[in-house]
Structures are given as structure tokens and as C-alpha cells.
Amino acid sequence: MAVEAALARAPYASAPGRSRGRLYPEPVSATRNAFRRDCDRIIHATAFRRLAHKTQVFVFHEGDHFRTRLTHTLEVTQIARSLARSLGLDEDLAEALALAHDLGHPPFGHAGERALDRCLAACGGFDHNAQTLRVVTALERRYPAFDGLNLSWETLEGLVKHNGPLTLRDGTPVGPYRERGVPHAIAAHNRIQDLELWSFASAEAQIAAIADDIAYDAHDIDDGLRAGLFVLEDLAGVPLVRDIVGDIRVQHPALDASRLVHELVRRLITRMIENVIAETGARLRALAPCSADDVRHAKQPVGGFSPAMAETDRAIKGFLYPSMYRHSRIMRIMGDAEGLVCALFERYVEQPDDMPAEWAQIAEGDEAARLRHIADFIAGMTDRYALVEHARLFDSTPELR
């Protein structure tokens, strides 16, 4: 795509000047548009800073060079902006969605999420995507006039629906929410601010979600190799990865292993970005949307990989799942982490005064609200704080090594 074309705003891009606004009206900024303002609010949020000390795959003390939730978020943001720029979409909205997409993750990554999901089984479970919405609409308390960050409607919509609609037009849950229903935090907020859960999100939200896939496909390969969980030869069953490695070895036969891996990651990200630009561009041309709402009301998502690249994406995940995420070393550490989170939850249920004073005051009468309040506190913890809290309250704390 030519630079000149990439710089032009597409008619289906979200426009900050036509935003549907904020739940609590605020004066327009003299220096920043609505979506840029959202980015800045997210960056300055306490929950954003905590991402620096939350697990991506490896717990913090395993090494300084492994991804954390924060470094992963920054990598997703870079990719999302690149995609938005090439497709004529709003870069600031894509950035805001990428910056905020993991704010709801609890300590210890998906292990913490599984633990809280079990702890909240009687009241709908725990969903990190719903928790992200809760963080930015309620738990961040920085402003005198409202709780949360009071983000634009388009940013909230994108955070909730970046993976597609949550319901049918009549409110019937679909997809992963068919059995358990729409998560409580999303349903509760939607009652006061309609996010149109039945429609797709903006094109910016859709490409931010794909940026997440691209980032962790490539960078989990990098981290897995660095950790010694597998070697390059083990990836021979993933055609695109095998082909890229082969090309690098032909072009740079004397390249040391470390540089080879960096070049593999760089080329893999480039190939995936170029594929998304081509495929999404073709879908948009076929749909010919005249507005962001035309994208929302389409029958299929506009953002995505081509069928061949989608197969590559599945192959990479199919390799990483047993070789990395289910590796015996990772499973042992994450099993201990799940137990730690569950133990903290049970302790706070029995003795809420063990939480800090600002959290210990829990309204009586609504048991589900009480349990969700405790989950809010734990979900906000960093890995290190969770370990410190466990050591304070229990005689023995796992080392997670």
C-alpha cells in the first residue's frame, strides 16, 4: 500500500470528532482529540503501571528479558498502530484499545484467571475481558466527578467486543457466553451505557485484537526459545516458521543463534502484518462501508488473516500449547500460582479485615457482590504483591520456580 494512500483517513474509520461521547460529559480538550485523551488516561492509570509486574507466561523472577503484561501490551500497541496507519483507520483509537486490552488480567496470567473463575463459580465466574471493563469504568478512582476513566464510547465498545458480538439483537448470549451468559460486569455496565453487544466493534477494535494474536504468536516463540522449552528444530512442523528460518540460513549462513531468532521474530511479525493489511483491505473493498457503523453492522468481521495465514496462526498456537503453555515446568509453577490465588480468596472471604482498610469494608447482604469485591482486589494485585500477601497470611508460600 502506498504511503500516500496509507495516510488518508478511510470513510469507515472511527472519527474522534464524531465520537458517541462519554458516560459523564466533559469539556472538549483544547489540545487532544477524544481518542488521544483516552490513550493518555490509560497510560496514567494505576492498573497500567501494574502490568509491569504481571505474568505473561513466565513469573517475574525467572528472568529480566521475558515478556511481562506491560511489554506485551506495548508490542501489541506498536502492531495495532501499524495496521491502523496502513488501513486508513484511527491510530489513536487502535492504540487506546491495545493499551487497555489486558488491564483486567489478574496476577500469574491465565493461572490467576482460572483460579478466580473457580472462586466465583457460584456468581458467574471471572472473565479478564469483563474485568478490563470494570477497571476502566469503576475501579480506577482518580477523578473527582466519577469512578473509572470515563473513556469514550468507542473505546469501551472495542474493549468489550473486539472478539465479536456477545449477544444476538434480542440479547441472547452467543459464542463463549452462550452457556454462562454475558459476564456480570459487562451486563451491569451495558444497562447504563448501551454498548450494542449484538454488533461487531469498529475496524480499529478488530485490528487491535489481531495485533494481540500477532504479538503473542511471535514473542511467545521468542520467549519459549530463550527459556529452553524447545529449540528451533522443533518448529519444523510450522510451515511458515520453517520457511522463514530456511531463508535466513541461506541468506546469512554464519548467523549466530540469537540473531537468527530475532530475525525470525521480525520477519514473522512483518509477514503477518502484511497479510492482515492485504486481507482486511480486500474485505473492506468488498463491503464498501461508508461509515464505522457500516463495519459494525456487517455480517462478518472485516479484520482478519487470510485463510492460509489463519491456518499458520492455528499451527503456531497448536505448537505453543503443548510445548510451552502446557510444558511440565510451566504447569507446575502455574499450578502453585492457582493454589496461591485460591488460598488468598478463601482467606479474605473468611477474614475480610485481612485486606487493606480501603478494601475491607464490604457491604452486607449481597453475597455475590461481596465475592466479586474480593476478586476485584486480588485481580488488581501484581505477582509480587500476591506473593508478599500470601507470605504475610500463611506459614508456607510456594517459590514458583
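The values are calculated or read from the model by the stated rules, or taken from the named source; none is laboratory data. Owing to the predicted nature of the structure, the values given are computational and were not obtained by experimental measurement. Please note: Cβ atoms are built from the backbone with ideal geometry, for glycine as well, and neighbour counts cover all protein chains shown. Surface accessibility is based on the protein's heavy atoms, side chains included, excluding ligands, DNA and RNA. Shrake-Rupley method; radii C 1.70, N 1.55, O 1.52, S 1.80 Å.
Every residue in region 142-163 that is open to solvent by less than 10 Å² (accessible area, probe 1.4 Å) and of a type in the set (A, V, I, L, M), please. The answer is 149, 151, 156, 159, 160. In region 175-199, which residues are within 17 Å of the chain's Cα centre (by Cα) and either open to solvent by 20 Å² or more (accessible area, probe 1.4 Å) or closer than 29 Å to residue 284 by Cβ (or both)? Selection gives 176, 185, 186. Does any residue of region 280-300 turn out to be at pLDDT 95 or above, open to solvent by 30 Å² or more (accessible area, probe 1.4 Å) and among the polar types (S, T, N, Q)? So far as region 280-300 goes, yes, one or more of its residues are at pLDDT 95 or above, open to solvent by 30 Å² or more (accessible area, probe 1.4 Å) and among the polar types (S, T, N, Q). None of 73, 172, 155, 137 is more than 12 Å from the chain's Cα centre (by Cα) and within 26 Å of residue 273 (Cβ to Cβ) except 155.
Residues that are within 18 Å of residue 47 (Cα to Cα) number at least 3 in the following helices (runs of 4 or more DSSP H) confined to region 338-401: 367-379, 383-393. Failed condition for residue 31, given (1) open to solvent by 30 Å² or more (accessible area, probe 1.4 Å); (2) more than 22 Å from residue 292 (Cα to Cα); (3) assigned to a helix (DSSP H, G or I), with all others met? If we test residue 31 against (1) open to solvent by 30 Å² or more (accessible area, probe 1.4 Å); (2) more than 22 Å from residue 292 (Cα to Cα); (3) assigned to a helix (DSSP H, G or I), just (3) comes out false.
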